[in-house]
Amino acid sequence: MLSQPFRIETVHRESYDTFTVELQPTNGHDSFLFAPGQYNMLYVFGVGEVPISISGDPDRPENLMHTTRAVGTVTKAMAELQKGDVIGIRGPYGTSWPVDRAEGYDVVFVAGGIGLAPLRPALYHVLAHRDRYGKVVLLYGTRSPDDILYRSELEQWRSRFDLEVHVTVDYADATWRGNVGVVTSLIPKAPFDPLHSMAMICGPEVMMRFTAIELLKRGIEHEHIYLTMERNMKCAIGFCGHCQFGQHFVCRDGPVFSYAHIGHMLSQWEV
Amino acid sequence: METTTLEPILAEHPFFQGLAPEYLKLLVSCAANVRYKANEMIIRAGQEAVHFFLLRHGEAYVEIHDPRHRHVVIHKLHEGDVFGWSWMLPPYKAHFDVRANTLVRAISLDGKCLREKFDTDNSLGYQMLLRFTPLIVQRFERTSLQLLDVYS
């Protein structure tokens, strides 16, 4: 439950309001083991603590990475931090993407906005063990071309023959040559076998709801769709109850859930 | 000499799946092969909406002209997509611009010609309505999601 001090090694600006910090422990430990999809509680001293998904490579635990959008008091304070500054880390917490269960299947990643960050560790894992999976598809939607995360990495991924990457934006000007339209519009033509596919979705809740509906229309089973939920997580161990979602605590039972378990709650009010 | 028509192409298109052969023949009489260079306007907002299109090759953008932002692209069309439905209902004016993003090859169907056929054969009109309505609903759903601005 105690935060460990981590030093900021690099700060990379992903977009006008989103940044990635790379962290290393100050206490001499040289690695931070985690499973794709897990999160940490990040403590900006004197300001507060926030849950942020880990966005780095699980096979490179020496580089702990978090991608954050500056939207609240803590994350805005975090955006002001620089190389050498120290923050507290508590974690890793929560459930992970079913990367082992997905072996042998086509894998469909659907990310919306900053939702690409929590999915990136799973994508790293799948690419690192590429021969264990069928087709791998990344569908990524965001607001505008200026909001696209991990641009250079997306270009690298796009150039691979064993990974299908499709990016779309909600709106663009005439200089943009890529896709325009919501991310759900990419699903009907995406190259995967719905009967042998596992889907992992991360993004705003309403986007995940409509994405799941499209995936079900394509024929993917409920049990093969996973998504990650976001709630007001405080203690991260299921004690405080702030993140209650129906019968679940998102901090402990999630953030990654099977759609079969929580899909029915996505369209309910005030869950 | 064997004459080739657009009938087999229309028959194979998913949009016309299940349409009776006699109706396909009627549609063929209103259809033409068309080609647009990259950046050429296919539909202009405000102008009379005469045609709808089956995109066979290339990509096109659905755009809104906004004086502050010039052309805002709201949707991208791909091979196989069907676009243009303002010809179905009065006042038969196009609501959006559609611009070719690459070389575009398409089949255009003359809506005026079709409307006349619908007047004499309501069943054909109903069959076309069954095909266009899901497209309109899909566009409405997607536009609603865009308007929600869920990533903000």
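The values are calculated or read from the model by the stated rules, or taken from the named source; none is laboratory data. Just so you know, these numbers come straight off a predicted model, no measurement behind them. Here the Cβ is made from the backbone with ideal geometry for all residues, glycine too, and neighbour counts use every protein chain on show.
Structural remarks
- A:Trp157, sole failed condition from (1) hydrophobic (A, V, I, L, M, F, W, C); (2) within 14 Å of another protein chain (Cβ to nearest Cβ); (3) assigned to a helix (DSSP H, G or I): (2)
- Against the numbered list (1) within 13 Å of another protein chain (Cβ to nearest Cβ); (2) in contact with a strand residue (DSSP E or B) (Cβ under 7 Å, 6 or more places away or on another chain); (3) modelled with pLDDT of 90 or more, A:Pro191 comes up short only at (1).
- All positions within segment A:160-177 that are of a type in the set (D, E, K, R) and more than 11 Å from every other protein chain (Cβ to nearest Cβ): A:Arg160, A:Asp162, A:Glu164
- Residues satisfying the stated conditions in segment B:87-117, i.e. out of contact with any Leu (no Cβ under 9 Å at 6 or more places or on another chain) and among the β-branched types (Val, Ile, Thr): B:Thr102
- Tallying residues that are in contact with a Pro (Cβ under 7 Å, 6 or more places away or on another chain) and either among the polar types (S, T, N, Q) or buried (at least 21 other Cβ atoms within 10 Å of the Cβ) (or both) within segment A:77-94 yields 1.
- Segment A:1-15, subset loosely packed, with under 14 Cβ neighbours inside 10 Å and at pLDDT below 90, residue nearest to A:Lys83 (Cα to Cα): A:Leu2
- Pick from segment A:110-138, criterion away from chain B (no Cβ under 14 Å) and part of a strand (DSSP E or B), ranking: farthest from A:Pro188 (Cα to Cα): A:Val136
- Only one of the numbered conditions (1) surrounded by fewer than 21 Cβ atoms within 10 Å (Cβ to Cβ); (2) under 23 Å from B:Glu141 (Cα atoms); (3) not hydrophobic (A, V, I, L, M, F, W, C) is violated by A:Gly203, and that is (1).
- Scan of segment A:139-154 for residues that are more than 8 Å from every other protein chain (Cβ to nearest Cβ), of a type in the set (Ser, Thr, Tyr) and within 18 Å of the chain's Cα centre (by Cα), ordered by number: A:Tyr140, A:Tyr150, A:Ser152
- Taking the criterion of being buried (at least 19 other Cβ atoms within 10 Å of the Cβ), out of contact with any strand residue (DSSP E or B) (no Cβ under 6 Å at 6 or more places or on another chain) and among the polar types (S, T, N, Q), the residues of segment A:153-188 that qualify are A:Thr184, A:Ser185.
- Restricting segment B:107-148 to residues that are buried (at least 16 other Cβ atoms within 10 Å of the Cβ) and outside any helix (DSSP H, G or I), the residue that is farthest from the other protein chains (Cβ to nearest Cβ): B:Asp110
- Test for B:His57: is it away from chain A (no Cβ under 12 Å) and under 10 Å from the mean Cα position of the chain (by Cα): no
- For segment A:142-168, filtered to residues that are of a type in the set (S, T, N, Q) and touching a residue at least 12 places away in the same chain (Cβ under 8 Å), the residue that is farthest from B:Asp149 (Cα to Cα) is A:Thr168.
- Tallying residues that are surrounded by 15 or more Cβ atoms within 10 Å (Cβ to Cβ) and not aromatic (Phe, Trp, Tyr) within segment A:23-46 yields 11.
- Restricting B:Ala38, B:Ala20, B:Ala11, B:Ala32 to residues that are loosely packed, with under 14 Cβ neighbours inside 10 Å and either aromatic (Phe, Trp, Tyr) or under 16 Å from B:Gln127 (Cβ atoms) (or both) narrows the list to B:Ala20.
- Residue in segment B:83-102 that is under 18 Å from B:His51 (Cβ atoms), hydroxyl-bearing (Ser, Thr, Tyr) and surrounded by 20 or more Cβ atoms within 10 Å (Cβ to Cβ) present: yes
Conditions tested, residue by residue: (1) under 24 Å from A:Asp147 (Cβ atoms); (2) touching a Gly at 6+ places or on another chain (Cβ under 9 Å).
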site	(1), (2)
A:Pro61	no, no
A:Val86	no, no
A:Gly94	no, yes
A:Ala111	yes, yes
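- The combined condition, being touching a residue at least 40 places away in the same chain (Cβ under 8 Å), in contact with a strand residue (DSSP E or B) (Cβ under 7 Å, 6 or more places away or on another chain) and under 20 Å from B:Gln146 (Cα atoms), is not fulfilled by B:His57.
- Counted residues, segment A:166-205 - those being farther than 14 Å from A:Leu116 by Cα and assigned to a loop (DSSP other than H, G, I, E, B): 16
- Those residues of segment A:233-260 which are without any contact (Cβ under 8 Å) to a residue 12 or more places away in the chain and out of contact with any Cys (no Cβ under 6 Å at 6 or more places or on another chain), in sequence order: A:Phe239, A:Cys240, A:Gly241, A:His242, A:Gln247
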